[in-house]
Structure formats: C-alpha cells, structure tokens
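**Q** Structure incoming, see below.
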Amino acid sequence: MSQQRSSIQVILIDMDNTLADFEKSAKEKYESKGFIWPDRTDFEFSDDTNLRPIITAKGFFENLDPIPGAIDAVKEMESLGFVVFFCTSPLTQYLHCVPEKYTWIERHFGKEWVKRIIVAKDKTMVIGDYLIDDKPNPEKGVLTPVWKHILFHQEYNKSLNRQRITDWCDWKKIIFQEEEEEESEYWDKLSESIKYENYSVDTRCSCSPGQKAWCICYSGR
C-alpha cells in the first residue's frame, strides 16, 4: 500500500507513558526517597501516599524524558499526511500537570504544536481515527469512541491481546496494516450492499479484488 495519504486520517496520541516517560521518572524519584517501586500489573496506581507528592510536584511533568523514537515518529506521521493531536488526561490535582504538559510539547515539538493539545479526562468525547495510548481501556467513557485504540506497550498492559506498538519505529507497520484491513472490510461490505437483482459483477474486469465490487464493470444476467 502506498504510504501517501489519499484522505485525512487523524491520529490521537496519549502523552504519559506513550510519548513521555512518566514511568522512568516516577520510579527514579520514588526509589531516591528510599521507597520500593511496586510491580506494575495494573494501569492505575493504588492509593500510594508516597507517590502522590512526587507526581504532583512542580517540574515533574515538564522534565519527563521523551520515550525513544517518539518525537521522530510523530514528525514522520505529519510528513506522511496524517493529522496528529496530543490527547492527554490530566491529574485531578492539575496545578502543575496541565501547564507543564503544554511546556513539554513546546519544548520537544515547537510552539506551533501546542495548538494540537487536547486535554480530556474522557477520551471517548474526542474525534479521531486512531488513539495510541498505553491505557488498557480508554474506550470506557460516556460515548462509544469513533477512534480505534492501538495500545502502546508497557509492562502493565502486556497480557492484553491487542494490536499494539511495542517500539515507535514500528508505528508505520501497525497503522498501515490497520488501514489495509479497514479498506478490505469496507469493500467487502460495499460488495454485499450492491448485489442488485438484475446485475452481477463482471468477473473479467481488471479492477483490484477490493475495488471490483464498486467498478462499472457490470454485466446483465
């Protein structure tokens, strides 16, 4: 499949533990205070009173390291014609979290990209074609999401049997595979919908298998 966009596709990308290495920084700061970092088998942290002051402190979100390959992957998406937005869920204690997310994007992508930030506790309210997110169940919300969730791999979601990006260098393989599958499904459904009583598809036409159902090569029965 050509890697040139024939139509607009919107990719929503989560920030923490997808673009920015929340886990690494939180673990380092937690252990520097003499605490033992818990095994992350769940996405949600338990009510850890030792962790909360760390992640709500001034400077925590602003100074997260990018996950390797993330910055280049986003810029490559844009160069290939995808429309990219950052879709991030803030802490309820948002005083430093929200403005520092804006600072982080500006620092790593530039000022123009700040306009691409969507802050939303419930991501089902946001429109897009794909959501790349480490959260196992972002589809749980008020609405049925219109986007397809692609999991970004982390230790706490590795047991889930989901389409996932394990390394940012693999993003194209996953996204274009999804597009091809969706295109095939679209043509299959369209083929079923146009089986008119007096017409059948001419099996001799030269159209591709997927497009054959929608070409003008019909023959009367």
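**Q** Hey, can you tell me all the residues within the stretch 58-89 that are aliphatic (A, V, I, L, M), more than 13 Å from the chain's Cα centre (by Cα) and surrounded by 15 or more Cβ atoms within 10 Å (Cβ to Cβ)?
**A** Across the stretch 58-89, the qualifying residues are L64, I67.
**Q** State the number of residues belonging to the stretch 108-117 that are farther than 20 Å from V10 by Cβ and touching a residue at least 24 places away in the same chain (Cβ under 8 Å).
**A** The number of residues fulfilling the criteria is 1.
**Q** Okay, next question. Identify all residues within the stretch 69-108 that are in a helix (DSSP H, G or I) and of a type in the set (V, I, T); write none if there are none.
**A** Of the stretch 69-108, the ones in a helix (DSSP H, G or I) are 70-79, 97-108.
I71, V74, V98, T103, I105, listed by residue number.
**Q** Does the stretch 18-34 contain at least one residue that is of a type in the set (S, T, N, Q), modelled with pLDDT of 95 or more and touching a strand residue (DSSP E or B) at 6+ places or on another chain (Cβ under 7 Å)?
**A** yes
**Q** With respect to the numbered conditions (1) free of Cβ contacts under 8 Å to residues at least 24 places away in the same chain; (2) surrounded by fewer than 15 Cβ atoms within 10 Å (Cβ to Cβ); (3) under 14 Å from E62 (Cα atoms), which one is the sole condition not fulfilled by L95?
**A** Here L95 clears every test but (1).
**Q** Related question: Would you check if there is a residue in the stretch 138-149 being at pLDDT 95 or above and outside any loop (DSSP other than H, G, I, E, B)?
**A** Looking for residues that are at pLDDT 95 or above and outside any loop (DSSP other than H, G, I, E, B), one finds at least one in the stretch 138-149, hence yes.
The values are calculated or read from the model by the stated rules, or taken from the named source; none is laboratory data. Quick caveat: nothing in here was measured; it's all calculated off a predicted structure. We place every Cβ from the backbone using ideal geometry, glycine too, and count neighbours over all the protein chains shown.
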